[in-house]
Amino acid sequence: MSRVVAAWRRIPAWLVDLLAVGVALLDALLYRSGDDPLTLGLCLVACAGLLVRRRFPLVAFVLTLPAALVATIIAAPIIALFTLAARSRRYWLLLTCGALFAAAEAIGWPLTSQFTSDQDHTAISFVYRLAAAAAPILLGQLVQTTADLRSRLTEIEASRQHERELYAQTVLARERNQLAREMHDVVSHQVSLIAAQAGALQVTASDPAAKEAASAIRSLASTTLEELRSMVMLLRAAGTRSPGLAPQPTVSDLEDLVTASGLAVTMEGSLPPDLGSARERAVYRTVQEALTNVRKHAPGSAVTVRQWSDERSVAVAIVNGCPTSTPLRLPSSHLGLLGLHERAELLGGTLVYGAEGDGFRVELHLPRMTK
């Protein structure tokens, strides 16, 4: 069953809509109650209305009611009613639409002849049609509930993943603290003894070569102690607050980043405050990496950082000109822009970069968060 559902979801939406229109047309041609132009026109309008059922489900259903009144068609109203039930949470609207469908099918046209000829048959037909309308409504609500459950399961899995990450960070912090204590209590103590013994040997030895060796050992031990103290402080700081939980830079920090860069940077435009933390970090890291590359490869060049946004996306572009001094020969892993490209793809955006005139351009585009 799951394979069938998965295969059905892979069918393009436009093909499903055309299939629905085809089924409705076949039903209208087989079971229409007359050949007059009005009946044929209303049936065609009902079938064509199914093309807008995804975006305007209520409009699509209303367009099928006149055809249901003048002709004995079932497919078009049932499909429209199912789509409305799958997208609407207003139960009173679904009940009203179901009753209208049943009344249109049971009463028929002209209205006066149905009310005066056989009212019992009309009432019984209305009950049957009302039961028939309940099927697409219940099925549509089932589809909607399934989608809600799937979304809820996704949220629960994301929450569990976050909890696992927090637990891993807690364990990592505990291990860092333990390692820091071991280094302080054991390794530092042993190195201190080495330094003390070397100092004593330097004082008591009569051989100049032995004195020089002892002095070198003592100097190396002292340097090692200083490095150990730095490592212990770093481990304790990391263990106290995991880097994953530390405050992350945002778009509001770009001014400080530009000021600290020491480059001639011109800021243009701005970004809205509701980007979300992941997008703000992506914008910040992109500007940071671009400015770093300018300092390394195009020192002295003028830089322009332009920010803009619209209803669907936000963007930032960093453009530098020709360098005015010799570029610095610094080691590079060539992975900075690649990492930014991967970060942009994870957020559903794009990162493009390349030469532009005498300089270089880096441009990031990210989709806006959906409400």
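The values are calculated or read from the model by the stated rules, or taken from the named source; none is laboratory data. Nothing here was measured: the structure is a model prediction, and the numbers come from that model. All Cβ positions, even for glycine, are placed from backbone atoms using ideal geometry, and neighbour counts span all protein chains on display.
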Check: Taking segment 65-79 as the search range and keeping residues that are in contact with a Cys (Cβ under 9 Å, 6 or more places away or on another chain) and closer than 14 Å to Asp17 by Cβ, which one is surrounded by the most Cβ atoms within 10 Å (Cβ to Cβ)?
Finding: Ala76
Next item on the list: Kindly indicate whether Val319 is under 25 Å from the mean Cα position of the chain (by Cα), outside any loop (DSSP other than H, G, I, E, B) and modelled with pLDDT of 85 or more.
Entry: no
Checklist line | Test result for Glu345, under 18 Å from the mean Cα position of the chain (by Cα) and either within 19 Å of Asp253 (Cβ to Cβ) or not small (Gly, Ala, Ser) (or both) | finding: yes
Check: So which of Arg281, Arg295 ends up being assigned to a helix (DSSP H, G or I) and either farther than 17 Å from Asp358 by Cα or touching a residue at least 60 places away in the same chain (Cβ under 8 Å) (or both)?
Finding: Arg281
Next item on the list: May I ask you to say which residue of Leu50, Leu38, Leu81, Leu63 is in the same structural domain as Glu105 (by TED's automatic domain parsing) and either over 21 Å from Ala135 (Cα atoms) or in contact (Cβ under 8 Å) with a residue 60 or more places away in the chain (or both)?
Entry: Leu38
Margin query: Tell me whether segment 296-314 contains one or more residues that are within 24 Å of Glu345 (Cβ to Cβ) and β-branched (Val, Ile, Thr).
Written below: yes
Notebook entry, point to check: Is segment 70-81 home to any residue that is within 32 Å of the chain's Cα centre (by Cα) and more than 21 Å from Ile107 (Cα to Cα)?
Noted result: no
Check: Which residue pairs have Cβ atoms closer than 6 Å, lie 6 or more positions apart in sequence or on different chains, and pair a first residue in segment 133-153 that is within 15 Å of Ile79 (Cα to Cα) with a second residue that is modelled with pLDDT of 90 or more and surrounded by fewer than 12 Cβ atoms within 10 Å (Cβ to Cβ)?
Finding: none
Next item on the list: Output the number of residues of segment 138-165 satisfying the condition of being under 20 Å from the mean Cα position of the chain (by Cα), within 20 Å of Tyr91 (Cβ to Cβ) and among the aliphatic types (A, V, I, L, M).
Entry: 2
Checklist line | Sole residue being on the phi < 0 side of the Ramachandran plot, modelled with pLDDT of 80 or more and of a type in the set (Asp, Glu), chosen from Asp36, Asp17 | finding: Asp17
Note to self: Criterion first (in the same structural domain as Leu338 (by TED's automatic domain parsing) and at pLDDT 85 or above) does Thr259 satisfy it?
What the structure shows: no
